[in-house]
1. Condition check: of a type outside the set (Ser, Thr, Tyr), at pLDDT below 95 and in contact with a Ser or Thr (Cβ under 9 Å, 6 or more places away or on another chain). Does Ala131 satisfy that?
2. Quick one: is Ser140 modelled with pLDDT of 90 or more, surrounded by 13 or more Cβ atoms within 10 Å (Cβ to Cβ), among the hydroxyl-bearing types (Ser, Thr, Tyr) and closer than 23 Å to Met26 by Cα?
3. Looking at Ala44, Ala62, can you tell me which residue is without any contact (Cβ under 8 Å) to a residue 12 or more places away in the chain and not acidic (Asp, Glu)?
4. Surrounded by 16 or more Cβ atoms within 10 Å (Cβ to Cβ) and part of a helix (DSSP H, G or I): is that true of Arg132 in this structure?
5. From the residues in the stretch 98-117 that are free of Cβ contacts under 8 Å to residues at least 40 places away in the same chain and in a helix (DSSP H, G or I), which one is farthest from Ala44 (Cα to Cα)?
6. Being within 25 Å of Arg16 (Cα to Cα) and among the hydroxyl-bearing types (Ser, Thr, Tyr) is the filter here, so list the residues in the stretch 33-85 that pass it.
Amino acid sequence: MDMSTTGLETFDKTLRETNHWLRIVMDELHMESSKHAFAALRAALLALRDRIGPAAALQLGAQLPMLLRGAYYENWRLAGTPIEERDVDGFIADVAGNLPAALRIDPEEAVRASFVALTESLAPNESAKIARLLPPDIRSLLPGA
């Protein structure tokens, strides 16, 4: 069997879709490591998830590739969302807290790259819905803001 496929269409599809998201983040961050790109994307998605409210978080999660969806929902405590703090500095700090320190990824750049992946990978109306849920200073991190 070819190592780039599993033979199971569901798994092959999520691998392709996840790799698409990771390539966008890698390009935006000018890096070659999919491991680092995954860490950046995961950190940004977790911070976003915790700020958009449970219904919107569930809707966004349903649109993620299955592999990313698992990371997105990992350790989520529905009762604690949305987070009250809504400023960009707190958002960036939350992303920094979700990033492994050893990777030395700039958290603001991780957010910007992840938001590019989000807007390029979701339907335009879906990324616009997410944008409307964010306070203006966090929304300013979205591409084209």
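1. Numbers: of a type outside the set (Ser, Thr, Tyr): yes; at pLDDT below 95: yes; in contact with a Ser or Thr (Cβ under 9 Å, 6 or more places away or on another chain): yes.
Considered against the rule, which asks whether it is of a type outside the set (Ser, Thr, Tyr), at pLDDT below 95 and in contact with a Ser or Thr (Cβ under 9 Å, 6 or more places away or on another chain), Ala131 comes out as yes.
2. Working: modelled with pLDDT of 90 or more: yes; surrounded by 13 or more Cβ atoms within 10 Å (Cβ to Cβ): no; among the hydroxyl-bearing types (Ser, Thr, Tyr): yes; closer than 23 Å to Met26 by Cα: yes.
Taking the combined requirement at face value, the residue does not satisfy it.
3. Ala62
4. On the way: surrounded by 16 or more Cβ atoms within 10 Å (Cβ to Cβ): no; part of a helix (DSSP H, G or I): yes.
No: the conditions fail for Arg132.
5. Our first condition is that a residue be free of Cβ contacts under 8 Å to residues at least 40 places away in the same chain; within the stretch 98-117, this holds for 101-102, 104, 106, 108.
Among the residues that remain, those that are also in a helix (DSSP H, G or I) are: 101-102, 108.
Details: Ala101: 15, Ala102: 17, Glu108: 9 Å.
The extreme case among them is Ala102.
6. Ser33, Ser34, Tyr72, Tyr73
Yes/no per residue for (1) in contact with a strand residue (DSSP E or B) (Cβ under 7 Å, 6 or more places away or on another chain); (2) under 23 Å from Leu60 (Cα atoms); (3) modelled with pLDDT of 95 or more:
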{"position": "Thr14", "(1), (2), (3)": "no, yes, no"}
{"position": "Asn19", "(1), (2), (3)": "no, yes, yes"}
{"position": "Val25", "(1), (2), (3)": "no, yes, yes"}
{"position": "Glu28", "(1), (2), (3)": "no, yes, yes"}
{"position": "Met31", "(1), (2), (3)": "no, no, yes"}
{"position": "Ala39", "(1), (2), (3)": "no, yes, yes"}
{"position": "Leu45", "(1), (2), (3)": "no, yes, yes"}
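The values are calculated or read from the model by the stated rules, or taken from the named source; none is laboratory data. Remember, it's a predicted structure, so these values are computed and weren't measured experimentally. Cβ sites come from the backbone with ideal geometry, for glycine too, and all protein chains shown count toward neighbours.
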